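Chemist: Let me give you the structure first, and then I'll get to my questions.
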Amino acid sequence: MRRAQPDCPTARLSARLSLLGLQGCTRVVTHTNRTVMVSLGVQGVLRLHRGYAFAPDAVLRAIVRFLDPRLPQSLRRTAEREFLAFPVEQHAPPPPGMGRRERPRPGDLLILHRLGRAHERLNWEHFEGLLGSLPIRLSGRMRTRLGELSVDLRTGRPLEIAISRRHIARHLWAEVEHTLLHEMVHQWQAETGIPVDHRAAFRRKAAQVGVLPGAKRALCPARAPGFPPAPRRIVHPCGGRCPPGSPGAGRLHGLGSVRRQWEP
């Protein structure tokens with residue numbers, strides 16, 4: 001990562017945040033990842049989009065409020081909406097080629113057709129056919145998630161559902177449909193104007209449609225004879241907002257399984 005010049009906005013960002021009341025931060029690291037806007041780690045390292053270096057104090061103050069665990073959830077939600085509305089991509093666009101889509105693989109069309117039919121059927125079975133039709137894509141980059149919903153950063157409108165290729169290759173189709181239904185509950189949240197997360201509204205709807213709100217899948221990678229068993233990895237259908245006190249507390253993962261992005 002290139003070191004910022006002392007007089008550039010990125011170099012002044014840490015000092016500005018401190019003056020606005022940010023506490024518990026040992027270092028500020030900027031990036032152009034459009035998925036994770038703000039992330040405060042357990043070591044006090046604050047990672048946020050480089051575009052916020054050009055934001056006015058009102059936007060940075062909203063980030064400080066969002067990271068304050070003492071504030072009520074309603075006030076943190078308001079602060080979240082404020083800083084997400086700032087067009088960071090206009091001030092710090094991603095490098096060329098970043099976010100490039102994966103190349104299609106043999107057999108993808110058949111799988112996508114099957115997922116599309118499952119989405120249509122589950123929509124009628126659990127949502128009375130009220131959900132909109134969404135593009136579905138396969139992702140070979142998901143290592144800790146089974147699926148995710150992408151929404152437009154400005155409007156909150158759902159854009160697409162992504163399902164992990166590893167999930168499809170290693171698990172039963174019934175489990176893949178369960179993941180799809182999990183993401184459809186998030187789609188229902190987005191389309192009805194409910195905050196997209198894993199809180200009470202999600203849990204109620206998940207119970208109604210038969211989705212486990214804390215669904216997990218244990219992955220046991222294959223091992224060669226004579227070697228000790230590989231450690232078990234627990235992956236969730238989606239990341240989710242880290243609960244207070246957890247190692248990832250304070251992170252904004254695009255609101256759970258939701259990938260925040262700007263529509264082209």
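Chemist: Which order do the peptides 200-212, 104-116, 148-160 take when ranked by the mean count of other beta-carbon atoms within 10 Å per residue, highest first?
Modeler: For the peptides 200-212, 104-116, 148-160, the packing ranking is 148-160, 200-212, 104-116.
Chemist: What three numbers, in Å, describe the spread of the alpha carbons of segment 9-91 along their principal axes, ordered from the longest?
Modeler: Between the extreme Cα coordinates on each principal axis of segment 9-91 lie 31, 26, 23 Å.
Chemist: Given 5 Å bins starting at zero, what is the percent of C-alpha pairs of segment 19-178 in each, up to the one with the largest pair distance?
Modeler: In order of increasing distance, the bins hold 2, 7, 13, 16, 15, 13, 12, 11, 7, 3, 0, 0 percent.
Chemist: Ok, one more. Expected output is a single nm value to one decimal: the length gained when fully extending between Ser74 and Gln90, i.e. 0.36 nm times separation in residues minus the C-alpha distance. What is it?
Modeler: 2.9 nm
Chemist: Among Ile161, Ile168, Ile194, what is the fewest-to-most ranking by other Cβ atoms within 10 Å?
Modeler: Ile194, Ile168, Ile161
Chemist: What is the gain in length, in nm to one decimal, between Leu20 and Ala174 on full extension, counting 0.36 nm per residue of separation less the C-alpha to C-alpha distance?
Modeler: Details: separation 154, 0.36 × 154 = 55.44 nm, distance 4.97 nm.
Between Leu20 and Ala174, full extension yields an extra 50.5 nm.
Chemist: Give me Val176, Val42, Val59 ranked fewest to most by other Cβ atoms within 10 Å of their Cβ, as a rough exposure proxy.
Modeler: Val42, Val59, Val176
Chemist: For an R0 of 22 angstrom, estimate the FRET efficiency from the Cβ-Cβ distance between Arg105 and Arg157 and round to the nearest 0.05.
Modeler: Efficiency for this residue pair is about 0.15.
Chemist: By how many nm would the segment from Val209 to His31 grow when fully extended, if each residue of separation counts as 0.36 nm and the alpha-carbon distance is taken off? Before the final figure, lay out the partial values.
Modeler: Values: separation 178, 0.36 × 178 = 64.08 nm, distance 3.81 nm.
Difference between extended and current length: 60.3 nm.
Chemist: Quick check on the exposure proxy: order Ser164, Ser39, Ser74 from fewest to most C-beta atoms within 10 angstrom. All intermediate terms of the calculation are to be shown ahead of the outcome.
Modeler: Working: Ser164 25, Ser39 20, Ser74 8.
If I rank by nearby Cβ atoms, fewest first, I get Ser74, Ser39, Ser164.
Readers should treat all values here as calculations from the given coordinates under stated rules, not as data from a laboratory. None of these values were measured; they are calculated from a predicted model. Because the Cβ atoms are built from the backbone with ideal geometry, glycine has one as well, and the counts that use them run over all protein chains shown.
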